[in-house]
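Okay, so here's the structure we're looking at.
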Amino acid sequence: MNIVVLKGRLTHEPELKQVGANQTSVCDFTIATDRRFERDKTDFISCQAWSKTAEFISKYFSKGQEIAVFGELHIDKYEKDGENRYITRIKVDNVEFCGSKAENHFEKNQNNKTDIDFEEIDDSDLPF
């Protein structure tokens with residue numbers, strides 16, 4: 001079973017591009033994650049998302065923002081100058097917002113990205 005769940009902060013703006021004859025969206029980004037028992041050490045994990053997930057990440061996430069990613073570990077092999085090389089990254093299937101709403105709203109405004117205005121819900125009228 002190959003399942004990866006990570007929570008961290010984006011180290012740079014997500015990079016969205018279109019590839020192939022169908023112009024499929026692909027988004028590359030890196031997240032910084034703290035180690036569980038070695039808090040003074042940080043790992044930088046390369047991630048890649050495709051299609052609608054790629055477009056969503058590019059639109060709603062920015063550098064420094066906290067993100068949770070769900071996906072699979074992929075190790076791709078290629079040859080360059082006669083040598084085998086490997087790229088290890090997470091193929092992202094799903095993402096979630098992390099951190100506070102105020103923090104995410106502030107970061108969007110600071111980075112001149114799309115402003116997201118989440119509507120507050122008054123739950124005093126709910127029957128439960």
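Tabulated results
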{"quantity": "Matching residues in region 47-70 - criterion: being surrounded by 14 or more Cβ atoms within 10 Å (Cβ to Cβ) and among the hydroxyl-bearing types (Ser, Thr, Tyr)", "calculated": "THR53, SER58, TYR60, SER62"}
{"quantity": "Hits in region 26-40 - residues which are at pLDDT 95 or above and surrounded by fewer than 10 Cβ atoms within 10 Å (Cβ to Cβ)", "calculated": "none"}
{"quantity": "Unmet criterion (only one of (1) part of a helix (DSSP H, G or I); (2) β-branched (Val, Ile, Thr); (3) within 19 Å of ILE87 (Cα to Cα)) for THR53", "calculated": "(3)"}
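The values are calculated or read from the model by the stated rules, or taken from the named source; none is laboratory data. Keep in mind the model is a prediction, meaning the values are calculated, not measured. Neighbour counts are summed over all protein chains in view; Cβ atoms, including those assigned to glycine, are modelled from backbone coordinates with ideal geometry.
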